[in-house]
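Each value in this text was obtained by applying a stated rule to the coordinates, not by laboratory testing. What you are looking at is a predicted structure, and each value in this text was computed from that prediction instead of being measured. With ideal geometry, Cβ positions are generated from the backbone for all residues, glycine too; neighbour counts draw on all protein chains shown.
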């Protein structure tokens, strides 16, 4: 895995050199719309987009997003306003797979290039889609859950709490289904409790975890399916000093999640590549504007991070996007 990631970073460096040779003269205006501005995950996407911006002389990146992922209508309103300004391209992580369809299709018909990142929208009117394979990621979380129970010498039986950020969000649904399916294959004696949805709110995730811990005597651990749920459940385990008794596998890599991993409250993080989504999303938009043919789908990858591989250079680049940006830009 480390060698594979290092190869990816080497290819990025090669791409950087290529861009400097094929820079375009025409200025392009690209809008980048994320799901929320209150999340470190989406800030990493924007760092990636800014890094791509710095590789071109004639490029304007405009950044948008609602404060919370729960504000789906707010994101739709932002998208509609962006379209009225007629950018050359839109790179968007749409929270809903359906709510943004009318606006995106209108933008596509206007000639605006549409690059989807993170979440697929149910339309054919887009130029490329870059995202994690969330079913695979959920399966990796299940594998780590079982591995940790075995490491602890515990039988593969008992209850598992599943704390999800939001209902009806396709990436989370895929992630949760991947976890459930793989866990059933590996450990049919484990029972997943009904999913607790927390409106992508850290205090609500904390309260949900505390409730599950209190009411479930045969609880063996949790799966938290994004950064805010990972932080909330991690706090619950830290406050009760349960990191050695309960297993917690979480998605993403907010600083608080990383600290919880280092302190032993989270066993493993399933880490996406938000920087890559932003970076390659902008690069793909430029390629589309330059008339290049784009792949319909690009898997941006997912990596399991534990304390065993935490200090690997490739993992550090994923966890700390500023380092990766400096690497790409040669700073």
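Below is a table of values for the structure above.
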{"item": "The chain, helix-only ellipticity at 222 nm - DSSP H runs n ≥ 4, -39,500 (n - 2.57), divided by all residues, nearest 500", "result": "-15500 deg cm²/dmol"}
{"item": "The stretch 193-268 - percent relative contact order, Cα under 8 Å, separation 6 or more", "result": "29"}
{"item": "Fully extended contour minus Cα-Cα distance, from residue 106 to residue 185, at 0.36 nm per residue", "result": "24.1 nm"}
{"item": "Segment residue 322-residue 98, extension gain: residue separation times 0.36 nm, minus the distance between their alpha carbons", "result": "77.3 nm"}
{"item": "Gyration tensor (alpha-carbon) shape descriptor, the chain, a/c threshold 1.5", "result": "prolate"}
{"item": "Prolate/oblate/rounded call for the stretch 134-271, Cα gyration tensor, a/c under 1.5 rounded", "result": "rounded"}
{"item": "Sorted peptide list for 27-34, 67-74, criterion being average Cβ within 10 angstrom, highest first", "result": "27-34, 67-74"}
{"item": "Label-point gap, in nm, between residue 296 and residue 214 - each point 7 angstrom along Cα→Cβ", "result": "5.0"}
{"item": "Relative contact order, percent, the stretch 134-271 [alpha-carbon distance under 8 Å, six or more residues apart]", "result": "27"}
{"item": "Helix 40-53 axis, angle to the chain major axis (alpha carbon atoms, nearest 10°)", "result": "30"}
{"item": "Rounded to 5, percent antiparallel among DSSP beta bridges of the chain", "result": "10"}
{"item": "Candidates 216, 300, 173, ranked by Gaussian network fluctuation over the chain, Cα under 10 Å, top entry", "result": "216"}
{"item": "Förster radius 45 Å - calculated FRET efficiency between residue 151 and residue 29, Cβ distance, rounded to 0.05", "result": "0.30"}
{"item": "Distance-filtered residues of the stretch 210-233 - backbone nitrogen under 20 Å, label point 7 angstrom along residue 192 Cα→Cβ", "result": "210-213, 216-233"}
{"item": "Extension gain from residue 54 to residue 308, taking 0.36 nm per residue of separation minus the Cα-Cα distance", "result": "88.0 nm"}
{"item": "Between 0 and 90°, nearest 10: helix 134-151 axis offset from the chain longest Cα axis", "result": "30"}
{"item": "Where only alpha carbons of the stretch 56-208 are counted, the Rg and the Dmax (Å)", "result": "19.3, 60"}
{"item": "Angle in degrees between helix 202-215 and the longest Cα principal axis of the chain, rounded to the nearest 10", "result": "20"}
{"item": "Nitroxide proxy distance, nm - points 7 Å out along Cα→Cβ at residue 84 and residue 245", "result": "5.6"}
{"item": "For the stretch 29-144: rounded, prolate or oblate by the Cα gyration tensor [a/c cutoff 1.5]", "result": "prolate"}
{"item": "Relative contact order (percent, whole number), the chain, Cα cutoff 8 Å, 6+ residue spacing", "result": "20"}
